[in-house]
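Heads up, the thing below is written out as structure tokens.
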């Protein structure tokens, strides 16, 4: 169907005109509330107390979701919400990495609160249209498209009957429909998902950005926790935001020159240092592939191993050849990281788009490691094609990678077989079967219906059906809190084990990535050192999600003298950049201490939100043993020299004459005890009791002693 025909079928269901509020010091102090079930559209004011305590971004999302839901609200109840918010810094164009948004909802996978960060144009465009946050509630009867018109200052809900569902087609169609000419395409940001999100619990959201060099609409993902599934369950097909354009100071900041000065400084670092450091402009995050493999940190075959002799087939040199070079690959205007690499004119080999040539955004490191080595597949074309289909179908590549690896190990161990998978031979390395399973998820068919429930629910189903040993399945199912692990081996880094399993939402590396500090550089040797790192870095990284910042410019390029500073892991000059920029945007008195205090309030609020949902205690911070040590005999023996040495030197055991099984048992107790010791140290540092519950005294100290918060905590004292 052509664009004119699709546009002609758009039927207006609800319209609302509003008085535009321009930004002042990074805020409009307005929230756009839309209930697609009623339907209802209205504007809400941001209370001063909310602004002061919750800052923006994830903070606003958590506060609004708390107020909108009850402790027993389910993810698919109409009252569940999806909140999208950037933050006060979000949308400035004079410093790199300032286009992030945070998406918050109740998760189909974890049953608790989920947040996911994402680039693209929508978050900043929402701000420029007059709103600090978008609050979506209700459930429509039929598919709808929401249009936020930041030019004529109106919001419309349309019946969506004729458009595509899958994102790579849908965003192109909607850009054509809502852009009056080619020049306006760059002023449109779209949120969408896809067919797999409709038929699974692991759906994600795509946020679009227009690539003026390629003249194509591209995608970034809010991937974790199934928020795309919530989106499609609400019958929202897409949200479109259109603005007049982007110019120098739409945030109406206090001191633009201070921001520009720091931006110039950072841009020089990218020009002069990136090629010597992370090579983000050439390979994006995929530059990590050989680094992880060289340090035995690359997940291989469901995290059994940390390296593989075939890893060179999918290392950064391969991706550099596949990526189109010398294009300013930024997902927000003014960002000089250029890390959003893409494969142009890739010919699809399977599925509904077979034979078509498409642009594939990425693969990033997580996709290359997860879809590739973690599934025992070292074929770059498979990784690219699966990356494309995950994106357009609307499912999280990290989750899908870990789920596929788990399925493959279950198949190798007889827990699954051809009969149980409906004919799919899902051994490690079988890329053909893995792609067919992905297509089944998108169609809601066959074994894909089971695979799309995620690792935790698959594990529980396999145990219930008596298909495998429960202890073994719990050991190899790489999930915590119901969320799949991201793609880093944590066995040899106790701090990273905590950085994964002690997160609020589940094992995602955006809270703390401490592998190199801990394992490679031995900078945090004691429990106390690790606990301090597991306090500072999650709090520091939380702040990015409050104000609208991307993490990558913080430490993926570093100043020349960073190694000579007192705390090089913190990249102190860049921290000072952020303090300066925040003050320059908002005019608020601010320093490094207050940065952490702002984050600490939100971090603890989210922990208590989990408690309100029935989660958030010590038992929920347990990790699968595969995250800590070797589960199988072959795992142990693949690194026998290392493990034997640890038993001798750290446990004081003479391993001579011992069987592998005997050594594994002793090593397991040691590593599990080490983790419990770390949990104690981290809880104490964070102001929590032994059960992982923030104390009332501590909540008063950090200014998060709201009556409704204290009422929840009292139940756990």
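FYI, it's all coordinate maths here, none of it is from the lab. Just so we're clear, the structure is a prediction, and the values are computed from it rather than from any experiment. Here the Cβ is made from the backbone with ideal geometry for all residues, glycine too, and neighbour counts use every protein chain on show.
Tabulated data for the structure shown
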item	result
Whole-angstrom gap from region 656-677 to region 91-125, using each part's C-alpha centre	41
Two-decimal Rg/Rh across region 3-242, once Rg and the Kirkwood Rh are taken from alpha-carbon atoms	0.93
Shape call, region 496-714: gyration tensor on alpha carbons, a/c limit 1.5	oblate
Contact order normalised by residue count of region 41-183, Cα under 8 Å, 6+ apart, percent	18
Estimated distance in nm for a label pair at residue 294 and residue 419, the labels positioned 7 Å out from Cα along Cα-to-Cβ	5.0
Order of 397, 324 - criterion: other Cβ atoms within 10 Å of each residue's Cβ, fewest first	324, 397
Rounded to whole Å, sorted largest first: equivalent-ellipsoid semi-axes of region 64-110, Cα gyration tensor	30, 10, 7
Size-normalised alpha-carbon gyration radius of region 256-484, reference 2.2 N^0.38 Å	1.11
Reciprocal of mean inverse Cα separation for the chain (Kirkwood radius, Å)	25.6
Calculated FRET efficiency for the pair residue 9/residue 432, C-beta based, R₀ 30 Å, to 0.05	0.20
Difference of contour (0.36 nm per residue) and Cα-Cα distance, residue 560 to residue 45	180.9 nm
Length-normalised contact order of the chain in % [C-alpha pairs under 8 Å, at least 6 apart]	14
Cβ-derived FRET efficiency at R0 25 Å, residue 77 paired with residue 715, nearest 0.05	0.65
Relative contact order (percent, whole number), region 496-714, Cα cutoff 8 Å, 6+ residue spacing	24
Computed FRET value (nearest 0.05) for residue 67 with residue 640, which takes r as the C-beta separation and R₀ as 45 Å	0.25
Fully extended contour minus Cα-Cα distance, from residue 151 to residue 52, at 0.36 nm per residue	32.7 nm
Gain on full stretching of the segment that runs from residue 526 to residue 24 - 0.36 nm per residue minus C-alpha separation	176.1 nm
Hull volume in cubic angstrom per residue (convex hull over the Cα atoms of region 1-104)	178
Dimensionless Rg ratio for region 141-254, taking C-alpha atoms and the 2.2 N^0.38 Å reference	1.09
Residue 312 versus residue 695: modelled label distance in nm, points set 7 Å from Cα along the beta carbon direction	5.6
Convex hull (Cα only) mean projected area of region 608-711, reported in nm² to one decimal	8.2
Taking 259, 702, 227, 415 and counting other C-beta atoms within 10 Å, the order from fewest to most	702, 415, 259, 227
Spin-label model distance (nm) - residue 591 vs residue 350, 7 Å beyond Cα toward Cβ	5.7
Hydrodynamic radius (Kirkwood) for region 321-430, which is based on Cα pairs only, to one decimal in Å	15.2
